[in-house]
1. Once fully extended, how much extra length lies between residue 40 and residue 116, figured as 0.36 nm per residue of separation less the alpha-carbon to alpha-carbon distance?
2. What full-extension length gain, to one decimal in nm, is calculated for residue 103 and residue 62 as 0.36 nm per residue of separation minus the Cα-Cα distance?
3. Arrange 106, 84, 59 by Cβ neighbour counts within 10 Å, fewest through most, would you?
4. Charges at C-beta only: +1 for Lys and Arg, -1 for Asp and Glu. How large is the resulting dipole of the stretch 1-104 about its Cα centre, in Debye rounded to 20?
5. When Lys and Arg each count +1 and Asp and Glu each count -1, what net charge do the other residues less than 12 Å away from residue 108, Cβ to Cβ, add up to?
6. Using only Cα atoms, what is the ratio of the radius of gyration of the stretch 4-132 to 2.2 N^0.38 Å?
7. On C-alpha positions alone, give me the angle between the axis of helix 16-27 and the longest principal axis of the chain, in degrees, nearest 10.
8. May I ask you to evaluate 6.51 cos²θ - 1.76 cosθ + 1.60, the Karplus curve with θ = phi - 60°, for each residue of the stretch 30-40 and list the ³J(HN,Hα) values in order in whole Hz, giving x for glycine and proline?
Amino acid sequence: MAKQNILFLCTGNSCRSQMGEGLINHFWGDSFEGFSAGTRPSGYVHPLAIKIMAEVGIDISAYESKSAESLRHITFDRVFTVCDNAAQDCPVWLGPGLVQHRAFPDPAEATGTEEEQLTVFRTVRDGLRAMLEQELDG
């Protein structure tokens with residue numbers, strides 16, 4: 001059976017969607033292939049996202065921030081939009097596949113010390129993983 005393609009879509013493609021892609025490919029890679037993109041790519045993957053993913057054994061250091069347009073040639077079975085509110089320009093996916101919106105705060109907007117920011121990144125990472133466990137294993 002072919003793997004199902006899952007896309008994580010947000011605005012900047014620097015944190016949440018990158019974490020989602022990494023989680024899918026690491027924990028569910030036998031059945032699913034994860035992708036991520038943004039409507040206005042930031043041009044980088046946030047260093048703290050790379051750091052907190054490494055904490056759970058997932059290397060996203062070679063990932064790149066890319067536009068949703070660059071993936072239009074791929075058919076997705078599921079698309080998760082992960083913006084935290086509608087006012088944040090959460091993108092709409094016009095391709096086939098089930099589109100599900102799951103709100104997560106943007107960890108790139110976290111303030112405070114690096115440790116305080118890392119706590120926000122970890123909370124989002126763990127929330128994404130819990131959501132995926134419910135959606136894919138349930």
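Taken together, the values in this text are just the output of simple stated rules run on the coordinates, not laboratory data. Remember, it's a predicted structure, so these values are computed and weren't measured experimentally. Quick reminder, even Gly has a Cβ in these numbers, built from the backbone with ideal geometry, and neighbours come from all protein chains shown.
1. Numbers: separation 76, 0.36 × 76 = 27.36 nm, distance 2.64 nm.
Between residue 40 and residue 116, full extension yields an extra 24.7 nm.
2. 12.2 nm
3. Numbers: 106 20, 84 17, 59 11.
Fewest-to-most Cβ neighbours within 10 Å comes out as 59, 84, 106.
4. Values: 8 positive and 10 negative charges, 33 e Å.
So the dipole magnitude of the stretch 1-104 works out to roughly 160 debye.
5. Working: positive: 16; negative: 84, 106, 109.
Overall, the nearby charge balance is -2.
6. On the way: Rg = 13.4 Å, N = 129, 2.2 N^0.38 = 13.9 Å.
Taking N as the residue count of the stretch 4-132, the ratio is 0.96.
7. 70
8. Once rounded to whole Hz, the list reads 6, 10, 9, 10, x, 9, 9, 6, x, 7, 9.
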